[in-house]
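Here is the structure we will look at, set down as structure tokens.
The values are calculated or read from the model by the stated rules, or taken from the named source; none is laboratory data. Because the structure is a prediction, the values reported are computed rather than measured. Surface areas here come from the heavy atoms of the whole protein model, side chains and all, with no ligands, DNA or RNA. Shrake-Rupley method; radii C 1.70, N 1.55, O 1.52, S 1.80 Å.
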Amino acid sequence: MRRRVRHADLAEDLTQETLVRLLSYRENPDIESHTRLMYRIAQNLIIEFRRARGRRHAAQHVGLDDAGMLPALLAPVEEIVEMRSTLVAVLARGLPGLPAKCRQAFELSRFDGLTYDQIAARMGISTKRVEKHISPALSTLRTATS
């Protein structure tokens, strides 16, 4: 029961309820296996609990018409434009000074979204070498932001 509901107190309550319900069948001569019946009762109680929990959460549902305006999770457009222009300026200052292979590895990583393994395959170098190309590029760009 604990594995199924993952809460010790609830498992104890459901187990006790299982045994109470099982006792109501103790005099029934048609029951072939009280063990199987006990497992079936326990399974049904778990299903009942999950349905009741779902109904409880359904009562908390708020329709879109009633919810009103949701807060924006994105930064205001002006802030995004300012951040992008700052980024372009940093890249314009830092990237031209990088060695060609270093700049290429950085661009493949940050602009094209390739993994270090993919960059290594494309450039015909080892993954460790890609790391050694990108590391100074990041340091240069950090310095350019200061």
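Could you give the accessible area per residue of the chain, probe 1.4 Å, as a whole number in Å²? Walk me through the numbers on the way to the answer.
On the way: 11410 Å² over 146 residues.
Per residue, the chain has 78 Å² of solvent-accessible surface.
Between residue 145 and residue 127, 0.36 nm times their residue separation minus their Cα-Cα distance comes to what? If you can, show how the numbers build up before the last one.
Values: separation 18, 0.36 × 18 = 6.48 nm, distance 2.71 nm.
Gain on extension, residue 145 to residue 127, equals 3.8 nm.
Ratio of alpha-carbon Rg to the 2.2 N^0.38 Å globular estimate for the chain, to two decimals, please.
Numbers: Rg = 31.5 Å, N = 146, 2.2 N^0.38 = 14.6 Å.
That works out to 2.15 for the chain.
Please compute the length gained on full extension between residue 43 and residue 16, using 0.36 nm multiplied by the number of residues separating them and subtracting their Cα-Cα distance.
So the extension gain works out to 8.4 nm.
So what J values fall out for the range 19-24 if you push phi through Karplus, 6.51 cos²θ - 1.76 cosθ + 1.60 with θ = phi - 60°, rounded to Hz, Gly and Pro as x?
Along the range 19-24, the couplings run 5, 4, 5, 5, 4, 5 Hz.
Report ³J(HN,Hα) in whole Hz for each residue of the range 120-132, in order, from the Karplus equation J = 6.51 cos²θ - 1.76 cosθ + 1.60 where θ = phi - 60°; Gly and Pro get x.
Running phi through 6.51 cos²θ - 1.76 cosθ + 1.60 with θ = phi - 60° gives 4, 5, 5, 8, x, 10, 7, 4, 4, 5, 4, 4, 6 Hz.
What figure in square angstrom, to the nearest 10, would you give for the accessible area of residue 1 with a 1.4 Å probe?
60 Å²
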